Amino acid sequence: MTATVEASYGGTPSGPPGSAVLAPVAAVTIDGEADLLRVRSALRTEAQAAGLGLTATTKLVTAGSELARNILRYADRGHGVVTVQQVTAGHRSGVRAQFTDYGPGIADLDEVMRDGFSSCGSLGIGLPGSRRLVDEFMIESAAGRGTTVIIAQWDR
Amino acid sequence: MHEAVPILRVGPDLLVTLQGDLDDLTVEAIEREVTAEVTRTHAHGVLIDVSGLAVVDSFVARVLARIVGMVRLLGADSTLVGIGPAVAITLTELGASLDHVPTALTAEQGMAMLRHLRSAGTRTLMRHDSNR
């Protein structure tokens with residue numbers, strides 16, 4: 001019997017109660033180095049459309065860059081999908097992005113969410129670092145079934 | 001996406017201007033070109049201006065720190081300039097605070113810092129001593 005670990009971190013992935021998806025979804029298939037730029041560009045476009053400030057936008061784009069790179073480096077053949085969309089909740093607007101890969105999955109989420117952990121000798125600030133940059137962070141993974149990370153950033 | 005790396009010679013220093021959104025391969029290409037140019041031109045200092053960079057994430061930060069370390073091994077000083085408040089906040093929260101990288105706010109202050117290091121630094125003195 002294979003052990004699976006599923007865990008969530010951070011707030012609810014869909015934002016505060018009553019939040020709604022606004023604009024159409026921008027989808028980027030992660031397949032190579034250049035897709036990193038497409039993810040950053042999609043995040044920046046949606047952040048600006050949602051009226052996020054420069055710091056909130058920079059933090060969101062940087063977190064997305066780390067997560068997209070994780071897919072490139074660790075997922076099965078570096079394949080995955082990133083979707084980016086504007087969301088609203090009451091008077092607030094924001095951006096939500098979902099990073100999905102069908103790679104090996106993460107066996108111990110508590111371990112990878114700890115500062116300083118790295119599975120491949122890099123700085124190991126990717127996941128915990130990204131989590132600090134955004135308002136909401138949710139990770140779900142099962143060994144052998146891939147990983148999904150959902151982040152959200154709100155205008156204030 | 002690979003663009004030509006703008007490396008400008010300004011007196012004894014090299015001015016490296018990073019602009020736009022760079023993928024990882026381009027960032028590594030810049031690393032190679034900067035170290036090659038320092039060796040080729042015998043530059044004393046390297047000023048790296050990142051004010052035009054859209055994103056400085058953990059990978060870019062790591063390569064920048066690496067460039068500074070390599071340039072030091074090649075006998076030159078370097079200064080990183082142009083990190084705006086949004087990038088400073090982001091890098092700090094990310095945990096990639098570039099602790100051992102000399103920085104200045106503007107290119108002008110960075111140039112002044114390189115001049116100061118050149119006039120006061122032991123590195124320059126040691127070079128002269130070894131030539132006697």
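Residues considered: A:90, A:103. Of these, the only one that is among the small types (Gly, Ala, Ser), touching a strand residue (DSSP E or B) at 6+ places or on another chain (Cβ under 9 Å) and over 25 Å from residue B:54 (Cβ atoms) is A:103. Under 22 Å from residue B:116 (Cα atoms), in contact with a His (Cβ under 8 Å, 6 or more places away or on another chain) and at pLDDT 95 or above, is that true of residue B:43? For residue B:43, the condition - under 22 Å from residue B:116 (Cα atoms), in contact with a His (Cβ under 8 Å, 6 or more places away or on another chain) and at pLDDT 95 or above - is not met.
For the stretch A:82-115, a residue qualifies if it is among the β-branched types (Val, Ile, Thr) and touching a Phe, Trp or Tyr at 6+ places or on another chain (Cβ under 8 Å), and exactly one does: A:82.
Examine the stretch B:103-112 for a residue that is closer than 25 Å to residue A:37 by Cα and away from chain A (no Cβ under 14 Å), and state whether such a residue exists. No: zero hits. Restricted to the stretch A:30-80, and to residues that are among the basic types (Lys, Arg) and either touching a strand residue (DSSP E or B) at 6+ places or on another chain (Cβ under 7 Å) or in contact (Cβ under 8 Å) with a residue 40 or more places away in the chain (or both), which residue is surrounded by the most Cβ atoms within 10 Å (Cβ to Cβ)? Looking at residues that are among the basic types (Lys, Arg) and either touching a strand residue (DSSP E or B) at 6+ places or on another chain (Cβ under 7 Å) or in contact (Cβ under 8 Å) with a residue 40 or more places away in the chain (or both), I get A:59.
Test residue B:9 against the stated conditions and say whether it is farther than 25 Å from residue A:61 by Cα and more than 11 Å from chain A (Cβ to nearest Cβ).
Yes; evaluated as a whole, the condition is true for this residue.
Residues of the stretch A:133-145 include at least one that is modelled with pLDDT of 80 or more, buried (at least 19 other Cβ atoms within 10 Å of the Cβ) and either small (Gly, Ala, Ser) or more than 26 Å from residue A:56 (Cα to Cα) (or both). Of all residues in the stretch B:86-99, those satisfying the criterion of being in contact with a helix residue (DSSP H, G or I) (Cβ under 7 Å, 6 or more places away or on another chain) and either facing chain A (nearest Cβ under 8 Å) or not polar (S, T, N, Q) (or both) are B:86, B:87, B:89, B:90, B:91, B:93, B:94, B:95, B:96, B:98.
Quick check on residue B:16: is it of a type in the set (A, V, I, L, M, F, W, C) and within 14 Å of chain A (Cβ to nearest Cβ)? Against the criterion (of a type in the set (A, V, I, L, M, F, W, C) and within 14 Å of chain A (Cβ to nearest Cβ)), residue B:16 does not qualify.
Total residues in the stretch B:1-43 satisfying the condition of being within 16 Å of residue B:67 (Cβ to Cβ) and either part of a helix (DSSP H, G or I) or small (Gly, Ala, Ser) (or both): the figure is 19.
Among the residues making up the stretch A:127-147, those that are within 14 Å of another protein chain (Cβ to nearest Cβ), of a type outside the set (A, V, I, L, M, F, W, C) and under 11 Å from the mean Cα position of the chain (by Cα) are A:130, A:131.
If I filter the stretch B:71-86 for residues that are surrounded by 21 or more Cβ atoms within 10 Å (Cβ to Cβ), part of a strand (DSSP E or B) and in contact (Cβ under 8 Å) with a residue 40 or more places away in the chain, do I get at least one hit? Yes, there is a match, as at least one residue in the stretch B:71-86 is surrounded by 21 or more Cβ atoms within 10 Å (Cβ to Cβ), part of a strand (DSSP E or B) and in contact (Cβ under 8 Å) with a residue 40 or more places away in the chain.
For (1) at positive phi; (2) hydrophobic (A, V, I, L, M, F, W, C), each residue gets a yes or a no:
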{"site": "A:35", "(1), (2)": "no, no"}
{"site": "A:42", "(1), (2)": "no, yes"}
{"site": "A:50", "(1), (2)": "no, yes"}
{"site": "A:62", "(1), (2)": "no, no"}
{"site": "A:68", "(1), (2)": "no, yes"}
{"site": "A:77", "(1), (2)": "yes, no"}
{"site": "A:86", "(1), (2)": "no, no"}
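The values are calculated or read from the model by the stated rules, or taken from the named source; none is laboratory data. Just so we're clear, the structure is a prediction, and the values are computed from it rather than from any experiment. Using ideal geometry, Cβ is built from the backbone for each residue, glycine included, and neighbour counts are taken over all protein chains shown.
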